[in-house]
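Down below is the structure, laid out as C-alpha coordinates.
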Amino acid sequence: MRAWVLGVCSMLSMLAAPAAFARELKVLVMGDSLSAAYGLRPEQGWVALADAKSVAYTFHNASVSGETTAGGRSRFAAELQRAKPDIVIIELGANDGLRGLPLQQMGSNLGWMIGASKAVGARVLLVGLQLPPNFGTYATDFQRSYVLISERLGTGLIPHFLAPLGIQRKWFQADNLHPIAEAQPLLATQVLKALDALPAATR
(Lines give C-alpha, C1' and ligand atoms only; values in the text may rest on other atoms or scores of the structure.)
Protein backbone atom coordinates (compact mmCIF):
# COMPACT_ATOMS: atom_id res chain seq x y z
CA MET A 1 0.00 0.00 0.00
CA ARG A 2 2.82 2.41 0.94
CA ALA A 3 4.49 1.83 -2.43
CA TRP A 4 1.20 2.53 -4.23
CA VAL A 5 0.72 5.83 -2.32
CA LEU A 6 4.27 6.92 -3.12
CA GLY A 7 3.69 6.12 -6.77
CA VAL A 8 0.52 8.20 -6.90
CA CYS A 9 2.25 11.13 -5.16
CA SER A 10 5.09 10.96 -7.64
CA MET A 11 2.67 11.08 -10.57
CA LEU A 12 0.79 14.01 -9.07
CA SER A 13 4.00 15.98 -8.53
CA MET A 14 4.93 15.46 -12.18
CA LEU A 15 1.52 16.73 -13.30
CA ALA A 16 1.79 19.73 -11.00
CA ALA A 17 5.10 20.87 -12.52
CA PRO A 18 5.09 19.99 -16.24
CA ALA A 19 7.53 22.78 -17.10
CA ALA A 20 10.27 21.01 -15.18
CA PHE A 21 10.02 18.07 -17.58
CA ALA A 22 9.70 20.11 -20.78
CA ARG A 23 12.64 19.90 -23.17
CA GLU A 24 14.39 23.19 -23.82
CA LEU A 25 14.36 24.13 -27.49
CA LYS A 26 17.78 24.82 -28.95
CA VAL A 27 18.03 28.21 -30.67
CA LEU A 28 20.85 29.10 -33.04
CA VAL A 29 21.44 32.86 -33.44
CA MET A 30 23.15 33.91 -36.67
CA GLY A 31 23.68 37.64 -36.37
CA ASP A 32 26.06 40.56 -36.65
CA SER A 33 27.31 43.04 -34.03
CA LEU A 34 23.76 43.70 -32.79
CA SER A 35 23.63 40.11 -31.54
CA ALA A 36 27.35 39.74 -30.76
CA ALA A 37 27.18 42.26 -27.88
CA TYR A 38 29.43 44.75 -29.62
CA GLY A 39 31.00 47.18 -27.15
CA LEU A 40 29.65 45.20 -24.19
CA ARG A 41 30.61 42.20 -22.13
CA PRO A 42 29.14 39.01 -23.66
CA GLU A 43 26.85 38.46 -20.69
CA GLN A 44 25.31 41.91 -21.21
CA GLY A 45 24.09 41.17 -24.74
CA TRP A 46 20.49 40.31 -25.53
CA VAL A 47 21.29 36.71 -26.45
CA ALA A 48 22.88 35.95 -23.07
CA LEU A 49 20.05 37.74 -21.28
CA ALA A 50 17.39 35.79 -23.18
CA ASP A 51 19.22 32.55 -22.44
CA ALA A 52 19.37 33.35 -18.73
CA LYS A 53 15.75 34.49 -18.54
CA SER A 54 14.08 31.67 -20.48
CA VAL A 55 13.27 28.18 -19.28
CA ALA A 56 11.93 27.18 -22.69
CA TYR A 57 14.97 27.94 -24.87
CA THR A 58 18.71 27.48 -24.76
CA PHE A 59 20.71 29.74 -27.05
CA HIS A 60 23.83 29.09 -29.15
CA ASN A 61 25.19 32.45 -30.28
CA ALA A 62 27.10 32.25 -33.56
CA SER A 63 26.96 35.99 -34.23
CA VAL A 64 30.01 37.86 -35.53
CA SER A 65 30.50 41.62 -35.55
CA GLY A 66 30.69 42.98 -39.08
CA GLU A 67 29.03 39.89 -40.56
CA THR A 68 27.22 40.11 -43.89
CA THR A 69 24.63 37.72 -45.26
CA ALA A 70 27.32 36.22 -47.50
CA GLY A 71 29.56 35.63 -44.49
CA GLY A 72 26.72 34.08 -42.54
CA ARG A 73 25.88 31.84 -45.45
CA SER A 74 29.50 30.62 -45.69
CA ARG A 75 29.44 29.56 -42.01
CA PHE A 76 25.87 28.39 -41.86
CA ALA A 77 26.15 24.66 -42.58
CA ALA A 78 28.86 24.23 -39.97
CA GLU A 79 26.85 26.12 -37.34
CA LEU A 80 23.75 24.04 -38.08
CA GLN A 81 25.78 20.88 -37.63
CA ARG A 82 27.31 22.17 -34.41
CA ALA A 83 24.14 23.50 -32.76
CA LYS A 84 21.52 21.09 -34.16
CA PRO A 85 18.85 23.72 -33.49
CA ASP A 86 15.09 23.51 -33.23
CA ILE A 87 14.86 27.21 -34.15
CA VAL A 88 17.19 29.50 -36.09
CA ILE A 89 17.20 33.26 -35.59
CA ILE A 90 18.69 35.12 -38.56
CA GLU A 91 19.65 38.69 -37.74
CA LEU A 92 21.76 39.65 -40.75
CA GLY A 93 21.72 42.22 -43.51
CA ALA A 94 22.59 45.51 -41.81
CA ASN A 95 26.18 45.39 -43.06
CA ASP A 96 24.96 44.52 -46.56
CA GLY A 97 22.73 47.58 -46.47
CA LEU A 98 25.32 49.95 -45.07
CA ARG A 99 27.60 48.96 -47.94
CA GLY A 100 24.84 49.41 -50.47
CA LEU A 101 25.04 45.81 -51.68
CA PRO A 102 22.33 44.62 -54.11
CA LEU A 103 19.17 43.60 -52.28
CA GLN A 104 18.73 40.65 -54.64
CA GLN A 105 22.04 39.28 -53.40
CA MET A 106 21.05 39.78 -49.77
CA GLY A 107 17.69 38.12 -50.38
CA SER A 108 19.35 35.15 -52.06
CA ASN A 109 21.65 34.61 -49.08
CA LEU A 110 18.85 34.93 -46.54
CA GLY A 111 16.65 32.60 -48.58
CA TRP A 112 19.43 30.01 -48.76
CA MET A 113 19.88 30.05 -44.98
CA ILE A 114 16.14 29.78 -44.40
CA GLY A 115 15.95 26.83 -46.78
CA ALA A 116 18.90 25.12 -45.11
CA SER A 117 17.27 25.58 -41.71
CA LYS A 118 14.00 24.06 -42.83
CA ALA A 119 15.83 21.18 -44.49
CA VAL A 120 17.01 20.05 -41.04
CA GLY A 121 13.58 20.61 -39.46
CA ALA A 122 14.32 23.93 -37.76
CA ARG A 123 11.83 26.77 -37.61
CA VAL A 124 13.08 30.24 -38.51
CA LEU A 125 12.67 33.68 -36.98
CA LEU A 126 13.84 36.36 -39.41
CA VAL A 127 14.90 39.62 -37.80
CA GLY A 128 14.33 42.72 -39.90
CA LEU A 129 16.63 45.72 -39.75
CA GLN A 130 16.44 49.33 -40.80
CA LEU A 131 18.82 51.76 -42.49
CA PRO A 132 19.17 55.50 -41.84
CA PRO A 133 16.69 57.58 -43.87
CA ASN A 134 19.51 59.22 -45.84
CA PHE A 135 19.73 55.97 -47.83
CA GLY A 136 16.52 57.06 -49.56
CA THR A 137 14.45 54.53 -51.49
CA TYR A 138 17.14 51.91 -50.93
CA ALA A 139 16.36 52.08 -47.19
CA THR A 140 12.64 51.62 -47.85
CA ASP A 141 13.22 48.67 -50.17
CA PHE A 142 15.74 47.22 -47.72
CA GLN A 143 13.31 47.06 -44.80
CA ARG A 144 10.46 45.83 -47.01
CA SER A 145 12.62 42.98 -48.30
CA TYR A 146 12.48 41.25 -44.90
CA VAL A 147 8.69 41.29 -44.95
CA LEU A 148 8.57 39.88 -48.48
CA ILE A 149 11.12 37.15 -47.71
CA SER A 150 9.26 36.15 -44.56
CA GLU A 151 5.91 35.98 -46.37
CA ARG A 152 7.31 34.06 -49.32
CA LEU A 153 9.28 31.52 -47.29
CA GLY A 154 7.00 31.22 -44.28
CA THR A 155 9.11 32.37 -41.37
CA GLY A 156 8.44 34.20 -38.16
CA LEU A 157 9.34 37.87 -38.37
CA ILE A 158 10.46 40.77 -36.23
CA PRO A 159 9.93 43.61 -38.72
CA HIS A 160 12.34 46.06 -37.09
CA PHE A 161 14.73 44.75 -34.44
CA LEU A 162 15.51 48.10 -32.79
CA ALA A 163 11.90 49.31 -32.70
CA PRO A 164 11.61 48.95 -28.88
CA LEU A 165 14.32 51.60 -28.54
CA GLY A 166 12.62 54.14 -30.76
CA ILE A 167 14.87 57.02 -31.78
CA GLN A 168 15.96 57.96 -28.28
CA ARG A 169 19.68 58.66 -28.27
CA LYS A 170 20.00 57.46 -24.66
CA TRP A 171 19.67 53.82 -25.75
CA PHE A 172 22.71 53.87 -28.02
CA GLN A 173 26.47 53.84 -27.71
CA ALA A 174 28.61 56.73 -28.95
CA ASP A 175 28.41 55.45 -32.54
CA ASN A 176 24.62 55.87 -32.45
CA LEU A 177 24.31 52.40 -34.03
CA HIS A 178 24.79 49.84 -31.27
CA PRO A 179 22.49 49.64 -28.22
CA ILE A 180 23.93 50.10 -24.74
CA ALA A 181 23.72 47.47 -22.00
CA GLU A 182 20.54 48.99 -20.52
CA ALA A 183 18.75 48.52 -23.86
CA GLN A 184 19.57 44.84 -24.20
CA PRO A 185 16.76 43.54 -21.92
CA LEU A 186 14.22 45.25 -24.19
CA LEU A 187 15.63 43.38 -27.19
CA ALA A 188 15.75 40.09 -25.29
CA THR A 189 12.09 40.43 -24.27
CA GLN A 190 11.08 41.20 -27.84
CA VAL A 191 12.85 38.11 -29.19
CA LEU A 192 11.43 35.79 -26.54
CA LYS A 193 7.91 37.00 -27.32
CA ALA A 194 8.52 36.40 -31.03
CA LEU A 195 9.83 32.90 -30.33
CA ASP A 196 6.77 32.09 -28.23
CA ALA A 197 4.56 33.27 -31.11
CA LEU A 198 6.22 31.07 -33.73
CA PRO A 199 3.78 28.59 -35.29
CA ALA A 200 4.39 24.94 -34.56
CA ALA A 201 5.68 24.63 -38.10
CA THR A 202 6.63 27.38 -40.54
CA ARG A 203 7.42 25.20 -43.55
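Residues in region 111-149 that are more than 15 Å from I87 (Cα to Cα) and under 16 Å from the mean Cα position of the chain (by Cα): G111, G128, L129, Q130, Y146, V147, I149.
Residues checked against (1) under 30 Å from P133 (Cβ atoms); (2) part of a helix (DSSP H, G or I); (3) at pLDDT 95 or above:
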| site | (1), (2), (3) |
| --- | --- |
| R82 | no, yes, yes |
| P85 | no, no, yes |
| D96 | yes, yes, yes |
| G100 | yes, no, yes |
| Q104 | yes, yes, yes |
| S108 | yes, yes, yes |
| G111 | yes, yes, yes |
| I114 | yes, yes, yes |
| K118 | no, yes, yes |
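Looking only at residues of region 167-185 that are closer than 25 Å to D51 by Cβ and in a loop (DSSP other than H, G, I, E, B), we find that the one that is farthest from the chain's Cα centre (by Cα) is Q173. Just wondering, is there one or more residues in region 155-162 that are touching a residue at least 40 places away in the same chain (Cβ under 8 Å), touching a helix residue (DSSP H, G or I) at 6+ places or on another chain (Cβ under 8 Å), among the aromatic types (F, W, Y) and surrounded by 15 or more Cβ atoms within 10 Å (Cβ to Cβ)? Yes; the residues of region 155-162 include at least one that is touching a residue at least 40 places away in the same chain (Cβ under 8 Å), touching a helix residue (DSSP H, G or I) at 6+ places or on another chain (Cβ under 8 Å), among the aromatic types (F, W, Y) and surrounded by 15 or more Cβ atoms within 10 Å (Cβ to Cβ).
On the basis of being of a type outside the set (A, V, I, L, M, F, W, C) and in contact with a helix residue (DSSP H, G or I) (Cβ under 7 Å, 6 or more places away or on another chain), does D32 make the cut?
When the stated conditions are applied, D32 passes them.
Please go through region 130-166 and pick out each residue that is assigned to a loop (DSSP other than H, G, I, E, B) and at negative phi. Q130, L131, P132, T155, P159, H160, F161, L162 - these are the residues of region 130-166 that are assigned to a loop (DSSP other than H, G, I, E, B) and at negative phi. Filtering region 47-79 to residues that are farther than 11 Å from V29 by Cβ, without any contact (Cβ under 8 Å) to a residue 24 or more places away in the chain and buried (at least 17 other Cβ atoms within 10 Å of the Cβ) leaves only G71.
The values are calculated or read from the model by the stated rules, or taken from the named source; none is laboratory data. Fair warning: this is a prediction, and the values are worked out from it, not measured in the lab. Virtual Cβ from ideal backbone geometry, glycine too; neighbours counted across all protein chains shown.
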